[in-house]
Amino acid sequence: MNLAQKLISSHLVTGAMKPGEEIAISIDQTLTQDATGTMAYLEFEAMGIPKVKTKLSVSYVDHNTLQTGFENADDHRFLQTIAGKRGIYFSKPGNGISHQVHLERFARPGQTLLGSDSHTPNAGALGMLAIGAGGLSVATAMAGEAFWMVMPRILNVKLTGELRPGAGAKDVILEVLRQLSVKGGVGSIIEYSGDGLKRLTVPERATITNMGAETGATTSVFPSDEQTKAFLKAQQREADWQELGPDPDAEYDDVMDIALDKIEPLIAAPSSPDNIRTVKDMAGTPVKQVCIGSCVNSSFADIMLAAMILRENSVHPDVNLAISPGSRQVLLMITENGALADLISAGARVLECACGPCIGMGQSPPTGAVSLRTFNRNFPGRSGTPDDKVYLCSPATAAVSAIKGVITDPREFPEQPAIGLPEKFMVDDSMIIPPSDDPEKVTVERGPNIKPLPVKGKLDRSLKASVILKVQDNITTDDIMPAGARILSLRSNIPAISEYVFSRIDPAFPVRAKASASGVILGGANYGQGSSREHAALAPMYLGIRIVLAKSFARIHRDNLINFGILPLTIAPEVYDALEQDSEIEFPYIAKEIKELSEVTFTDIKTGNTYTAEHNLTPRQKDIILAGGLLNHIKRKKVESSPLRF
């Protein structure tokens, strides 16, 4: 077997490991972050289970750290108190970004991790099967339920040779994106192998597995080898190490070969992570802002590389440079060794250890200006500036360009410092709060912004609905449910946050959806790519959206739609072309067809034309849709399994 198959088979609960077959796996660890966590724990509470049943669950605060009102602070109190009561570790604000901290302190080779954040595959750098999902899926995993997914294909990316000076791990994943695109990994696990692995450290591997999410892949994974052992030893966790890798004769569904010595500095131009150019071709483009950080490039090695390039240099007068260390560990270490002083002396603005600018939480770039970022996404408007021009690049490219004031090939820098692993990382877990020894004494604190979880009823036998909105290909969850300081603070208040659904594309969408009470969204290919935020399904459900018709769906968002009782239906391009916004359509036998067939029929009431759409639902997913969502499905199963009482 290959490594991905070994990890799945060791956790397989039910199903056959054949691509396209639905399987269920047990989950060892979960993580949440504060933008998704509040709702996930409300969902967990709704299941009536007193304590998590995983080996480890961690709640992080790293997204909503800007406290301009009571909402975020109240959510943080809720998260800390419910963690103490329900057996969950709590990482306080300022301790760092979930994926960076989890890699440092908790990720373990051979285990499974389910996280309510799409970049959870970051932990695949340690030989872990780490998958991003919606908050409700994570809540059910904390309740001891298996995680269901369609068995992915396994794509082997063979890395050979050694990176040349100026090229880094970010350039490797940008090359993968260049070849695969933002939808080329859908339905796949990317497994890395080859002699090139010997020289890639765990932080470098994490950069690659983290941004594998941008291909649409289920996850990405590296073997657990001597590099893994060295990292865990430096983190004083050597006992967590075990050797894991594919069998010598392992087979894969597809293979991609990448020669590391052929990789040159790359950059993703606006406004998609797969819009790849060489830095050399973009050289000379004026830059107004540079941001180094986010969960993909904020490790000790990344920040040290930037600091060494900036040492005895100055940020260009026209550039604002912001640095976000990924964790308190990183910040403590660069403080102790003097690198922090180098950054400050060069003219950098040092931000807190949080996601920050990556999710539009501060540092929005100027109007019409180029912002060069080491982040993982550059979707339109994600930065907080509507007409943003965000480029994605490596820390080396970012640091050199900050000095020059224009996009600059880092190979022009006279000295290319080599940053390896330190012999020992500083370990201080004092900002990670363990669950209470007396959970019955803990009172869960709920602020006024925390509203009850909305639920819907079971699916009707027939359905008449209006097409509320027609959108193009590659609609992101940022398009559906935007981030940013104003909106993120409403994550625990569905009635309030629903007023912002599709606000960047069509501000009148919420009004029309509520007026219809039974709405359809018409989407193009790869609908719902990007973040795992389940609010992009939950808020539309609250507004009355019943169905999404699309050419194809991103994996996590499709799962989230099903979880909240919204039916995802796949249509042919000609059907998409035939329907318009405001079309009235009727599904005369929708419940019966979902039960008995693989497709449903519907009629455009105005033209009288009848069309078909595939639902591709597994038997379990059919039951969830018919019940009106996963929570209703779970409650019904509990009732059916309970003994009769007289």
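Since every read-out is calculated from the coordinates, none of them should be taken as a lab result. This structure is a prediction, so every number in the text was calculated from the model and none was measured. So basically every Cβ, Gly included, is an ideal-geometry build from the backbone, and we count neighbours across all protein chains shown.
Amide H neighbours of LEU567 under 5 Å, counting only residues 5+ apart in sequence or on other chains, H built in-plane at 1.01 Å?
Counting only residues 5 or more places away or on other chains, the set is ILE547, VAL548.
Just to check I understand the Karplus step: with θ = phi - 60° and J = 6.51 cos²θ - 1.76 cosθ + 1.60, what whole-Hz values come out for segment 274-290, glycine and proline as x?
Listing the rounded values in order: 9, 8, 8, 10, 7, 4, 4, 5, 9, 4, x, 5, x, 10, 10, 9, 10 Hz.
I'd like to know how the chain sits against the 2.2 N^0.38 Å rule of thumb: what's its Cα Rg over that expected value?
My calculation over the Cα atoms of the chain gives 0.93.
When ranked by the protection proxy of mean other Cβ atoms within 10 Å per residue, highest first, what sequence do the peptides 315-322, 54-61 form?
Most protected by this proxy first, the peptides run 54-61, 315-322.
Order by neighbour count: LEU463, LEU343, fewest other Cβ atoms within 10 Å first, most last.
With the fewest neighbours first, LEU463, LEU343 line up as LEU463, LEU343.
Once phi is turned into ³J(HN,Hα) by the Karplus curve 6.51 cos²θ - 1.76 cosθ + 1.60 with θ = phi - 60°, what whole-Hz value does each residue of segment 191-203 show in order, with x for glycine and proline?
Working through the residues one at a time gives 10, 9, 8, x, 5, x, 5, 4, 10, 9, 6, 4, x Hz.
Which of rounded, prolate or oblate describes segment 463-640 when judged by the alpha-carbon gyration tensor and an a/c cut-off of 1.5?
Verdict is oblate for segment 463-640.
Determine, for each peptide in 78-84, 32-38, the mean count of other beta carbons within 10 angstrom over its residues, then list the peptides with the highest first.
32-38, 78-84
For the chain, with only Lys/Arg (+1) and Asp/Glu (-1) charged at the beta-carbon, what is the dipole magnitude about the Cα centre, in debye rounded to 20?
Dipole about the Cα centre, nearest 20: 1500 debye.
Could you give the dipole magnitude of segment 66-176 about its Cα centre, charging the beta-carbon of Lys and Arg +1 and that of Asp and Glu -1, in debye to the nearest 20?
So the dipole magnitude of segment 66-176 works out to roughly 280 debye.
Among CYS358, GLY347, TYR60, flag the residue with its Cα farthest along the positive direction of the charge dipole of the chain, charges on Cβ as +1 for Lys/Arg and -1 for Asp/Glu.
Going by the Cα projections, it comes out as TYR60.
Mind scanning LYS18/LYS470; LYS183/LYS389; LYS464/LYS595; LYS53/LYS170; LYS551/LYS622 and naming the pairs with a C-alpha gap bigger than 25 Å?
Violating the 25 Å limit, Cα to Cα: LYS18/LYS470; LYS53/LYS170.
In debye, nearest 20, what is the charge dipole magnitude of segment 463-640 about its Cα centre with +1 on Lys and Arg Cβ and -1 on Asp and Glu Cβ, if you could check?
My answer is approximately 820 debye.
Working from Cα positions, state the angle (0 to 90°, nearest 10) between the long axis of helix 70-86 and the longest principal axis of the chain.
The answer is roughly 80 degrees.
Taking the alpha-carbon centroid of each part, what is the distance from segment 433-469 to segment 367-398 in angstrom?
The two parts, judged by their Cα centres, are 34 Å apart.
For the peptides 560-567, 232-239, what is the packing order when you average, over each peptide's residues, the other Cβ atoms within 10 Å and list the highest mean first?
560-567, 232-239
Ranking THR618, THR374 by Cβ neighbours within 10 Å, fewest first, what do you get?
Listing THR618, THR374 from fewest to most nearby Cβ atoms yields THR618, THR374.
Name the residues whose placed amide hydrogens come within less than 5 Å of the amide hydrogen of GLY628, ignoring near sequence neighbours (fewer than 5 apart) on the same chain.
Sorted by chain and number, the residues that satisfy this are LEU459.
Which percent, nearest 5, of DSSP beta bridges in the chain are antiparallel?
30
If you take the charge dipole of the chain about its Cα centre, with +1 on Lys and Arg Cβ and -1 on Asp and Glu Cβ, which of SER430, GLN5, GLN242 is farthest toward its positive end?
SER430
Sorted from fewest to most neighbouring beta carbons within 10 Å, what does the list VAL520, VAL138 look like?
VAL520, VAL138
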